[in-house]
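Comments concern the structure below.
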Amino acid sequence: MNRNLYLLLLAGGLTFFSMNAHGQGCVAVRPMGCTQPGNLESTQIMQEGQFQFTAAYRYFQSHRHFVGDSYQEQRATAGTEVINTAHSVDLGVGYGINRRFSAAVNLPVISYDRSSLYEHYGNSIKTNPDQLRFHTQAMGIGDLRVTAYYWIMDPASPHLKWNALMGLGVKLPTGNSNVKDDFHKRKSDGSDSTVRQPVDQSIQLGDGGWGLTIENQSYLQLSNKLSLYFSGFYMFTPQAHNNTTKSTTPSITQYYSIADQFAARLGASVFFNKAGIAASLGGRIEGVPAIDLIGSSWGFRRPGYIVSADPALAFFYRKFDITVGVPVAIYRNRTKSYADRQDPTGKAHGDAAFADYQINATLRYRCGGKHSHHNMPQMELKPLQISK
């Protein structure tokens, strides 16, 4: 493959995100295909016999409550908002089977912290006169994902201006879906006690189910430096719910739901070859549907989606590259869940907290392969020449 085409393809998919087990606030979007920068765009151009090692960091803090797309400002004013803070590192290993086939394994390592009033003493002044806020946490590995990728067209074909990479994978329930922590309760005499019970669904490390994932990443080269990109991801979860209880009362929402999820990105990227830098700007959407495409939608879930402006930068040096992105929310919507839709009055509509922005950073390293001279080029390379 032409070395400059190698770089242009990286720029064209600058931050295709790799999901495995985060939440985007209280809407529990697991990091499976479009939430971390930088796994798939480099897997797509792997050479035969080449390995790629990836570490993708993600941070966000959610505290903006929404019902539908209506911001619940009173929660912040009263100080009763729920605050989720997430740190994670998605670890990945990819292998090039040949120039069109590759495979990757991804496993996230996660640290969640959730603080609230209502889960402990309560939001009201009567039950919580000092408005005390307590924390619950979850730390450990998330859900493992194994994916095979295939180029629709041979990426080494001359004068190729567009291509699409398809991915098909399996998500395994390796993350603990029944993490428990201590919840504070006030006794009748006013003293404190603790009860150990499952943490909220949004900070569980896994969803407890198997999933089938489909992915696509496409690019269209417009000039020597400029290209358009699209990436999409959907995870099917045929199982209805896991065995983690939200309530002891039999109901649709007694157990945590195992929900589908989706993500997509669309934008443009440009490569500055003399500096070894690529930049992209576009939009992205990620979320959890209220109704699964396959199987039952029973169980407790907070469906919804977030639309973000999606700028990113990538820096290339030999076998290494670093990608940094800061998606900024421009629209958030906590949609009605399956359980909400069963309300005959039509008034039921739960809320969820969303983040204002995320910080994503990915480090990749490539080694091996039968054509080691095609590794990441140095910065003196000239732009790819496009045939007229």
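The values are calculated or read from the model by the stated rules, or taken from the named source; none is laboratory data. These numbers come from a predicted model, not from an experiment. Neighbour counts run over all protein chains shown; Cβ positions are idealised from the backbone, glycine included.
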Hits in segment 52-70 - residues which are closer than 25 Å to Asp90 by Cβ and hydroxyl-bearing (Ser, Thr, Tyr): Thr54, Tyr57, Tyr59, Ser62
Residue within segment 137-159 that is in contact with a Gly (Cβ under 6 Å, 6 or more places away or on another chain), part of a loop (DSSP other than H, G, I, E, B) and in contact (Cβ under 8 Å) with a residue 60 or more places away in the chain present: yes
Qualifying residue in segment 166-182 (condition: farther than 29 Å from Leu228 by Cβ, among the acidic types (Asp, Glu) and at pLDDT below 95): no
Subset tally (residues that are of a type outside the set (A, V, I, L, M), under 28 Å from the mean Cα position of the chain (by Cα) and more than 24 Å from Gln50 (Cβ to Cβ)) for segment 90-132: 8
Residue satisfying all of: in segment 216-263; over 19 Å from the mean Cα position of the chain (by Cα), assigned to a strand (DSSP E or B) and not hydroxyl-bearing (Ser, Thr, Tyr); surrounded by the fewest Cβ atoms within 10 Å (Cβ to Cβ) among these: Asn243
Lone qualifier among Val195, Val170, Val93 - being hydrophobic (A, V, I, L, M, F, W, C), without any contact (Cβ under 8 Å) to a residue 24 or more places away in the chain and in a strand (DSSP E or B): Val195
Residue within segment 76-88 that is crowded, with 18+ Cβ neighbours inside 10 Å, modelled with pLDDT of 95 or more and more than 25 Å from Thr194 (Cα to Cα) present: yes
Evaluation of Tyr357 against (1) over 15 Å from the mean Cα position of the chain (by Cα); (2) in contact (Cβ under 8 Å) with a residue 40 or more places away in the chain; (3) surrounded by fewer than 19 Cβ atoms within 10 Å (Cβ to Cβ) (one fails), failing number: (1)
Condition met for His65 (surrounded by 22 or more Cβ atoms within 10 Å (Cβ to Cβ), out of contact with any Ser or Thr (no Cβ under 6 Å at 6 or more places or on another chain), at pLDDT 95 or above and not in a loop (DSSP other than H, G, I, E, B)): yes
Strands (runs of 3 or more DSSP E) within segment 271-376 that include 2 or more residues of a type in the set (Lys, Arg) and either closer than 29 Å to Ala104 by Cα or modelled with pLDDT of 95 or more (or both): 352-368
Any chance Leu9 is part of a strand (DSSP E or B) and either at pLDDT 95 or above or surrounded by 24 or more Cβ atoms within 10 Å (Cβ to Cβ) (or both): no
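Restricting to segment 110-126, give me the number of residues that are among the aliphatic types (A, V, I, L, M) and buried (at least 18 other Cβ atoms within 10 Å of the Cβ). Before you say what the answer is, go through the steps one by one.
Keep residues of segment 110-126 that are among the aliphatic types (A, V, I, L, M), which gives 110, 117, 125.
Subset that is buried (at least 18 other Cβ atoms within 10 Å of the Cβ): 110, 117.
Matching residues across segment 110-126 total 2.
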